[in-house]
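Enquirer: Here it is, the structure, as structure tokens.
The values are calculated or read from the model by the stated rules, or taken from the named source; none is laboratory data. Bear in mind the structure is a predicted one, so any value in this text is a computation, not a measurement. With ideal geometry, Cβ positions are generated from the backbone for all residues, glycine too; neighbour counts draw on all protein chains shown. Keep in mind that these areas ignore ligands, DNA and RNA; they rest on the heavy atoms of the full protein, side chains included. Shrake-Rupley method; radii C 1.70, N 1.55, O 1.52, S 1.80 Å.
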Amino acid sequence: MRIHSRRSAAAVLAAVTALTIAGCSSSGGRPADDGGGGAAAGVADTPRLEIAVVTHAAPGDTFWDIVRSGAEAAAAKDNVELNYQGAPEAGDQVNLVQSAIDSGVDGIAVTLAKADALTPVVQRAREAGIPVVAFNGGFEEWQSAGAVSYFGQDEELAGEAAGTRLTEEGAQHELCVIQEQGHVGLEARCRGVDTTFGGTSEVLYVTGTDMPSVEQAITSKLQQDPSIDRVVTLGAPFALTAVQSVRAAGSSAKVATFDTNKDLIGAIQSGDVEWAVDQQPYLQGYLAVDSLWLYATNGNTIGGGQATLTGPAFIDSTNVDRVAEFAAGGTR
């Protein structure tokens, strides 16, 4: 366990407290319901634009349904033709961005989970005169990649907030489950947890695209080491799977997670999951598209050269019922 931190625990808690809980072609997410959750009140009378959104979404990961809902709500409001696609492999993501460049879109929003692979194609887009914004992944790399803005959370800061909370709860041994090795954001989350957690930290790598193997790996680890009293997952589906692993292993460990979906909100309400670190994925999708419309129609940029943070904030028993109202509509 590392004891030092690039931020004090007080600064981490202040950042979390400051963020309150309020209210095309496709892959990697279902189409949003008509109305995009009700966020779009009208349609802009600006010229119709075409914007491509390219994510690293894995098939079946419901987190990206929420991102897509936000992107589609902004597109409906802004008179934008949205081309939303996802691919978990960096090479496929590069090809999708290149296709968007070749088709002459007016803007591109892309997640930079594998920033080294994506940077050259982002720079090609800029050379072609196409503005690019980054969101969700690439907090440390978006500026060097050539993106105009970034929307998401500082993943290491979010991890530090989670580690601080685990310490305050009296946890002694936490297991941080990473579902995609080499994903810079996921690695940063677990690194942040380790930085501020006062007990023993371990990382368990699993294959996120094979959920039965994820359940087996977590179950086996809990059976091997009964001292683990917290399982921290990095996505809602993995938290729900970890709950099953805890039961199968006969463990007393509690489950906490990053990110949410409708089922995860229900698990917090029932007490199966202690809490979630929320980065507001609907807001990320919405701001990514809306910022490109603002840039194209009025020359605006958001963030003043700094990342625009959409998290972290905690969802737990004190506020989950309020969040559930929005989760039912697919926006949280």
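Enquirer: Is region 128-141 home to any residue that is acidic (D, E) and more than 17 Å from the chain's Cα centre (by Cα)?
Expert: Taking every residue of region 128-141 in turn, none turns out to be acidic (D, E) and more than 17 Å from the chain's Cα centre (by Cα).
Enquirer: Then there is this: May I ask you to list the residues in region 187-217 that are more than 14 Å from H173 (Cβ to Cβ) and of a type in the set (A, V, I, L, M)?
Expert: A188, V206, M211, V214, A217
Enquirer: Please give the helices (runs of 4 or more DSSP H) falling wholly within region 192-295 in which 1 or more residues are within 20 Å of I178 (Cβ to Cβ) and either open to solvent by 30 Å² or more (accessible area, probe 1.4 Å) or at pLDDT below 95 (or both).
Expert: Working: elements: 211-224, 236-249, 262-270.
It comes to 211-224, 236-249.
Enquirer: Hey, another quick one. Within the bounds of region 309-327, is there any residue that is at positive phi and surrounded by fewer than 21 Cβ atoms within 10 Å (Cβ to Cβ)?
Expert: no
Enquirer: Here is a further query. Quick one: in region 166-185, which of the residues that are open to solvent by 10 Å² or more (accessible area, probe 1.4 Å), modelled with pLDDT of 95 or more and touching a helix residue (DSSP H, G or I) at 6+ places or on another chain (Cβ under 8 Å) is nearest to L118 (Cα to Cα)?
Expert: Among residues in region 166-185 that are open to solvent by 10 Å² or more (accessible area, probe 1.4 Å), modelled with pLDDT of 95 or more and touching a helix residue (DSSP H, G or I) at 6+ places or on another chain (Cβ under 8 Å), the one nearest to L118 (Cα to Cα) is Q179.
Enquirer: Output the residues belonging to region 304-332 that are in contact with a Phe, Trp or Tyr (Cβ under 7 Å, 6 or more places away or on another chain) and closer than 30 Å to D106 by Cβ.
Expert: Looking only at region 304-332, we keep the residues that are in contact with a Phe, Trp or Tyr (Cβ under 7 Å, 6 or more places away or on another chain), and these are 307-308, 310, 314-316, 331-332.
Once the filter is applied, which keeps residues that are in contact with a Phe, Trp or Tyr (Cβ under 7 Å, 6 or more places away or on another chain) and closer than 30 Å to D106 by Cβ, region 304-332 yields A307, T308, T310, T331, R332.
Enquirer: List, please: which pairs have Cβ atoms under 9 Å, are six or more places apart or on different chains, and start with a residue in region 279-306 that is within 13 Å of V148 (Cα to Cα) and end with one that is assigned to a loop (DSSP other than H, G, I, E, B) and among the acidic types (D, E)?
Expert: Listed pairs, sorted by first residue: L292/D106; W293/D106; A296/D106.
Enquirer: If you don't mind, another one. Here is a check on your reading of the model: is I66 part of a helix (DSSP H, G or I), within 16 Å of the chain's Cα centre (by Cα) and β-branched (V, I, T)?
Expert: Working: part of a helix (DSSP H, G or I): yes; within 16 Å of the chain's Cα centre (by Cα): yes; β-branched (V, I, T): yes.
Criteria met by I66.
Enquirer: Given the conditions (1) of a type outside the set (A, V, I, L, M, F, W, C); (2) open to solvent by less than 40 Å² (accessible area, probe 1.4 Å); (3) part of a helix (DSSP H, G or I), report the number of the one that G91 does not fulfil.
Expert: It is condition (2) that G91 fails.
Enquirer: Can you tell me which residue among G129, G107, G163 is at pLDDT 95 or above, over 15 Å from H183 (Cα atoms) and open to solvent by 10 Å² or more (accessible area, probe 1.4 Å)?
Expert: Numbers: G107 fails: open to solvent by 10 Å² or more (accessible area, probe 1.4 Å); G163 fails: open to solvent by 10 Å² or more (accessible area, probe 1.4 Å).
Only one candidate passes the filter, namely G129.
Enquirer: So, in region 167-190, exactly how many residues are more than 21 Å from P237 (Cα to Cα), outside any strand (DSSP E or B) and of a type outside the set (S, T, Y)? Spell out how you get there, then give the answer.
Expert: So the first thing to find is which residues in region 167-190 are more than 21 Å from P237 (Cα to Cα), and the list is 167-173.
Pick out the ones that are also outside any strand (DSSP E or B) and you get 167-172.
Those still in the list that are of a type outside the set (S, T, Y) too: 168-172.
Residues flagged as more than 21 Å from P237 (Cα to Cα), outside any strand (DSSP E or B) and of a type outside the set (S, T, Y) within region 167-190 amount to 5.
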